[in-house]
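What follows is a single structure, written as structure tokens, with notes after it.
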Amino acid sequence: MTIGVLALQGDFREHLEMLRKIDVDACEVRLAGDLERVDGLIIPGGESTTIGKLLRQFDLLESMRQRIRAGMPVYGTCAGAIVLSAEVLDRGVDQPTLGVMATTVRRNAFGRQVDSFEADLAIPVLGPEPFHAVFIRAPIIERVGPDVEVLAALPDGTIVAVQQGNMLATSFHPELTEDGRFHRYFASLVDRSLAATPLARESR
Ligand code: GLN
């Protein structure tokens, strides 16, 4: 199993390090050809407007959409969650997105007063231990479609982690902590999708 990390902008190195730490083969994805070699993809945190423009410039929007719609697992953290979302509030003037997840996100939603903060979250799919979540100019997930499962919320009910089939999105950055559970959870989705389609690699 190989997990790719979109490496156009943002904190992709931290994701690569985390994947290697949990013993998952990982590689950078910059070109459509790189995409063909991976079984799952992480879209990192960074600046979603810049990532969107680079996706368009590198001609990756359509090939990524097709792979994701065909079932390739994908995980977006922070800016990555924005890139995946079908509806983006406070969107940049020219901000292409993939729009594949049935979510509505609001960019920079915590405002300047609380630009960045950390919180211990209960995330039942990761086990009983709370997860230390780091938020940096984070979006919030304001609405979700019927097929979207909420994995974590802040005490006031603000949704910050969701799953829709093989797609995962978090407002926060597990790659900036020492806790590999979120990446392991994503790797388990990739494993499961490979088991469900054993010929997936050969047919690409
Ligand atoms: N505020 C950024 C955006 O809108 C996301 C910040 C992050 O990824 N840490 O794209």
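Which of rounded, prolate or oblate describes the stretch 1-93 when judged by the alpha-carbon gyration tensor and an a/c cut-off of 1.5? Taking the square roots of the gyration eigenvalues as a ≥ b ≥ c, the stretch 1-93 is prolate. Entry note, the chain: the mean residue ellipticity at 222 nm calculated from DSSP H runs of n ≥ 4, each adding -39500 (n - 2.57), is -7500 deg cm²/dmol after division by the residues and rounding to the nearest 500.
The relative contact order of the chain comes to 19 percent, based on Cα pairs under 8 Å that sit 6 or more residues apart. Taking every C-alpha pair closer than 8 Å and separated by at least 6 residues, the mean separation divided by the residue count of the stretch 1-103 gives a relative contact order of 27 percent.
Extension gain for GLN66-ARG143 works out to 25.3 nm (0.36 nm per residue, less the C-alpha to C-alpha distance).
Laboratory data are not the source of any read-out in this text; all were calculated from the coordinates shown. Model, not experiment: these values are computed from the prediction.
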